[in-house]
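No lab work stands behind these numbers, since they all come straight from the coordinates. Note that the coordinates shown come from a computational prediction; the quantities given were computed from them, not determined experimentally. Using ideal geometry, Cβ is built from the backbone for each residue, glycine included, and neighbour counts are taken over all protein chains shown.
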Amino acid sequence: MSLDPATLAAIIGMALATYANRGGGYWLFRQIRPSPLTRAMLSYIPGTLFVSFVLPGVLAGGLQTIIGGAATMAAMVATRSLTVSIIVGVGAAWLVWGKIH
């Protein structure tokens, strides 16, 4: 198996772009001092990104995944336990699946 030079160049280019994105953020925040408001707003980005990745899949999955996702969120809010919320969400989705099929 040989490595095509164009493929190798693409891999190296993607690695450099990834490093530039990650390293650039660290470099930028060493150069500036964001205000407390900016820091507070930036602290919400990971959660909003997670929701933006997960929600379309949950909504596309139909009733079973919507109820499972809602049950998971409710259990997490109520118990703050990842294990309990996973069990509740899977259980709710399983119960709905049993009613549908």
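In terms of the Cα gyration tensor, with a ≥ b ≥ c the square roots of its eigenvalues, is region 59-101 rounded because a/c is under 1.5, prolate because a/b exceeds b/c, or oblate? Here region 59-101 falls in the prolate category.
Checking (i) 202; (ii) 151; (iii) 122 against volume of the Cα convex hull per residue in Å³ calculated from these atoms, the matching label is (i).
Ordering of 82-88, 20-26 by packing is 82-88, 20-26, highest average first (other Cβ atoms within 10 Å, averaged per residue).
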